[in-house]
Structure formats: C-alpha cells, structure tokens
Amino acid sequence: MANANGRLWWEIFLDALGLHHPSRGGWHIAVHSRFFVILGSLAALGVLTLGGAARYSESPTFCRSCHIMEPYYQAWKSSKHNGIACVECHYPPAAPKTILWKKFQALSQVAKYVTRTYSSKPFAEVDDASCLRSGCHSNRLLEGKIITKRGILFDHRPHLTQLRLGKQLRCTSCHSQVMVGSHIEVTYETCYLCHFKDRGEGRDLKPLGGCLGCHKMPEKTFALGGMKFNHASFVAQKHLDCQSCHVNLVHGKGNVPQDRCFTCHNQPEKIARFKDTEFIHQNHVTKHHVACFHCHESIRHGFSDRSEVALAKPGEPIEQKAPTLPESEAPAAVPTLAFDCAFCHTKMHTGQLEMFTGKVAGLGLPDMPSPMHAANVDCVGCHYQEKADAAQEFRGKTFKASAQACVKCHGPKFQGVWEETKAALISTLDELDAKSAAIGKAIDAGPEVQRAALKARLEKAEHLTHFVRAARGEHNIYLASLALRKADAEFDAIAKDAKAEAKDLSALPLISGSYCATLCHQKVGVKVPPETVKAFGKTMPHKMHAELMGCVNCHDIGAHKKVPLKKGVEAKCEECHPK
C-alpha cells in the first residue's frame, strides 16, 4: 500500500529508523545518524532490562514468587539473617565458573516451576565458605568455647576442623537450613544424635563428652522442698552422678528406617549401600550438607516436666514461689524428678520370663518353652488375682497367680495341681541344696590342690538350682525338671571326683522324670504308665520298669506328650537283659 506521495509503508518505516530507501534506487539504503541513536538506545534499554531482571531474580521477593517457597521465605524473614539476601548464602564466594553454574541451576528451577515439573520440597545446599566469608562468621572458629542461649558449652573449631565419630561435619549439620519458624539456626536434635545415640539408657547413659562437657554446673542455690540445694556440694564434693537425680532425660533411639531412603532415591545400587555408614555420611553430610534429621529419627533431650521453684541466694529465706522475672531473664526452673521404677528395679522378672519362654542364656539348657507359652497364654492368664493390701493407694496394685487358674482353664480335675507342683519343686530344691552343702564340706576337707576347681564346678551346678528357685520352676515344669536333673548329675560327678558321699536323689519325681504321672496324670485320670508296651518286637512290663528306674533312663522328656525313646536305649536294655 502506498501513501499520497506514492511511497510504500515499509519505506516510511525505514525512514523513521534512519534508513532511507530511494524509490528508484534499487536496493541501495542510506543510513542516517538517527539509526545509530535508536540502536544504541535499544541496546542500553536491553542491558538495563536484563540487569534489572538479574538483580530482581537475586532478591528474596523473587524467590517468594513461587508459592512453594513461601514457608522458606517466612522462615528467612523471621530469622536473624533477614537482612541478607538469599543468594549471599546460596551462591558461595567462589570462582565465576561456580557462580554461573549456580545461576544455571536456579534458572532451571524457574523453568521447572513454569512447566509444573517442580518438587514441592526443594533442596538447596549452603557451603561452609558462605558462612565463614569475611564480614559474616569469619571469626567463628577463633572464638573458642561459647555458651549458647540454652546454656550449652560449645566450641566450633573441633566440630568443623576435626572428624567427629569418624564424620566430617559442616555448618549446616548443626545449623539446619530450614526449621519451622527459623532459618539456618541451631538444630539441637543434631547434637542429641551425636551425643546420645547408642550411648546407653537410664542409669547406664554415658553421653559423649559427659554431662559437664556441654552443661556448666549450676552455681546458684536452689530452693527445693523447703531446703537449700547446691550442685557444687553434691556433685563436686560427694562425687554423685548427674543420673542420680536427673533421669529419663533422653527420649528416642535416633535410628534410620530404610524406607526414608526412598524419599530421595530409587536406584537399587544406592539402596544396597544402606548399611555402609561411612559411605552414607561422606556423601550425605560431608559432600551434600544433608541435615541429619532427614534420615535419622529424632532424639529428644530435656525434662518432661518443670516445677516453679524459686532460686534462693545463700543466707536468704527460702520461698516456694514462681520467679517474677520476665521469661527471657528468669533462671531455669528446677526440674521435677521424672520417677521411673525401671531406673532402680532393673531386669525384673527376667528369670520367670526365661523359664516361661524356655530361652535361657548361659546355663547350657536347650530351648524348651512351656506348653502355655507355646499356646500363647500370657502372664495374665494365671496372674489375675488382685493382691489385697491396705496400703494399696501408696504401694500400688499387684496381681498374683491364682491356684484356681488351672481349674479355670482345664477343669476341676486340675484342682491342686499347681500347689503340689510348687511343693515338689521346693522339696527337691531343698534336697539338692543339702546335697550341695554336704559336697562343699567334703571339698573343704579334701586336698587343697583340687579345691578351687571343684568349688568352681560346684558353684556352676548350684547356679542351675538358683535359676529354678528364682525363676519359679512352676512356670515351666519341663525345663525346671531338666535343670534339676542336670544339677543333680553334676553334683554326683563332683562328689565322685572329690571322693565324697552324695545322697542318691534319682527316685525323686522331678529327677526321675516321673513327675508327669505323679503330679498330673493321676489326678486327671490318665493311666500312665501303662502296664505293658510293645518294644523291640517284644512285650515288656512298662509300669514295673518305670517304678524301678524312672522315666528319664529310657525317655527324653522334651515337652507335653513329647517323650521319645533315647538313642541307644536298646543297648541300655542289654545291660540287664543280654540277647
């Protein structure tokens, strides 16, 4: 389209840009100075726009423009670092090549946000160089020991410059990148992982560095229970452990569930290295600054309750009232003791548990669970009778075993089985104790050269009888009988070596193995032993042999209705009955 002068629109446009095209001049174009002014202005505008965009992209406001960054922005805004732009920490003070790589990574995050391929939990690393740069925390390693607001003694130098438990820590190992309501502030859960994980429990707790490695001993005098209490006099002078009063302060194990690995990884070759702790810590903590709590379950440390007890200065009257100082200035309140019976009453009922389950450590006894345990009967199956106690409101409540427990489950024929079983155990143990005492006297009167060895064997055998008595053999009569037989056999062997006389207890039901018949079967109407049985192709008088020899000479008594013949029993028969 041409105008009134016959010129085309693009010729007019070129004239406006300073490029004159004559109507009949071919493709010759004359360049005016206006063209260079316009070109320079556009270039300057482009540079200013790119610079402004780059500058804006480095501001916290730009970071906030992605909705997934809002929690991180709010944490930064409420932190001590709210006057420092994000890039000051997230872009390390390194070579331009590193800065360009960081900018490329940031640009890729923008692309992911625009294309909706982003993760709702972005992860960014903060290098130690960002924290320790000039003008920030460059002198942190030179400060030596400091005391945090929580009153914790801490020295940055050994934690950052030396291996701790074989691991190289970084600033963000303790100063977590993001915590709720804070940003790059101390995450004490990291401290607890290092100082408490696998360091024992309760009275056996042995924290890394000890309590006084982190806590300064309180110097003030506490008003507690109408009395003055000062740590220096109790801990320093009387050498008491902190755990004597401060118990139940560590909660959690700090374990690492393997399923947490799948939050970030899906490669089988990486998951396979789950137990390679050195490799895991090197690649997560040291190289990539991953916070400990991303993998570890938390460990909490502190009092579960705090009382409002005033602090008293020496010489001042003691008043039990809450501190009147503002919370930020008030001294720490004296903690209420967290009473836990398990700190004093440790490993209660261990023997009964081992007897009932049939799994005994260190006595050379085979696994032989009680029939009731095999039937999934719990302790409350027998221990259901409430123990009457006038002081119950002070001493608590206990449920003891009832003599009617057998009748309740097995019927009236079992009336008295429990009482008679206990009586048989007590009488057998008394007989074995007397036998052991007699052998002990013979050893003392014998040659001194073999006295120590025989005494050691005697004590080991006595340990079996102690187990049956303490663990209440009625919890598993089969295992109790086996332990008593083993003890009696060892007593006989020791007596022989000591040339001492030892009472023959082989006829006792719990030693001979006839306890099944005498304590139970006769009561419930089971005809045991039968008059005759078929054995080795012949009919033999079973009852007569049982009365003469007992059961365990021929049978292994493993459990209820499990009484197989012993291996080689036919040869034993031939001792009395030659072929």
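Of note:
- Residue check for residue 115: among the β-branched types (Val, Ile, Thr), surrounded by 13 or more Cβ atoms within 10 Å (Cβ to Cβ) and either more than 35 Å from the chain's Cα centre (by Cα) or modelled with pLDDT of 70 or more (or both): no
- Helices (runs of 4 or more DSSP H) wholly inside the range 185-278 that include at least 3 residues being crowded, with 17+ Cβ neighbours inside 10 Å: 188-196
- Flag if residue 573 is closer than 23 Å to residue 372 by Cα, part of a helix (DSSP H, G or I) and not aliphatic (A, V, I, L, M): no
- With respect to (1) out of contact with any strand residue (DSSP E or B) (no Cβ under 7 Å at 6 or more places or on another chain); (2) free of Cβ contacts under 8 Å to residues at least 24 places away in the same chain, the lone exception for residue 401 is condition (1).
- Residues in the range 73-105 that are in a helix (DSSP H, G or I), modelled with pLDDT of 75 or more and of a type outside the set (Gly, Ala, Ser): 73, 74, 76, 77, 86, 87, 88, 89, 90.
- Residue match in the range 357-367 (condition: under 17 Å from residue 399 (Cβ atoms) and either assigned by TED's automatic domain parsing to the domain that holds residue 460 or at pLDDT below 85 (or both)): no
Rundown of residues vs (1) at pLDDT 80 or above; (2) under 23 Å from the mean Cα position of the chain (by Cα), yes/no style:
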| residue | (1), (2) |
| --- | --- |
| 165 | yes, yes |
| 182 | no, no |
| 191 | yes, yes |
| 203 | no, yes |
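- Candidates in the range 554-566 are the residues that are part of a strand (DSSP E or B) and without any contact (Cβ under 8 Å) to a residue 40 or more places away in the chain; of these, the one that is nearest to residue 406 (Cα to Cα) is 562.
- Restricting attention to the range 383-421, the residues that are assigned to a loop (DSSP other than H, G, I, E, B) and loosely packed, with under 13 Cβ neighbours inside 10 Å total 9.
- The single condition among (1) at pLDDT below 80; (2) on the phi > 0 side of the Ramachandran plot; (3) charged (D, E, K, R) that residue 566 does not meet is (2).
- Contact map, the range 421-438: first residue within 15 Å of residue 492 (Cβ to Cβ) and assigned by TED's automatic domain parsing to the domain that holds residue 462, second residue basic (Lys, Arg) and surrounded by fewer than 17 Cβ atoms within 10 Å (Cβ to Cβ), Cβ cut-off under 6 Å, separation 6 or more or different chains; pairs are 435/503.
- Restricting the range 478-536 to residues that are of a type in the set (Lys, Arg) and at pLDDT 80 or above, the residue that is farthest from the chain's Cα centre (by Cα): 534
- Hits in the range 151-163 (condition: more than 25 Å from the chain's Cα centre (by Cα) and surrounded by 13 or more Cβ atoms within 10 Å (Cβ to Cβ)): 153, 154, 156, 157, 160
The values are calculated or read from the model by the stated rules, or taken from the named source; none is laboratory data. Here the structure is a predicted model, which is why all the values come from computation and not from measurement. A quick note on method: Cβ atoms are made from the backbone with ideal geometry, for glycine too, and the neighbour counts reach across all protein chains shown.
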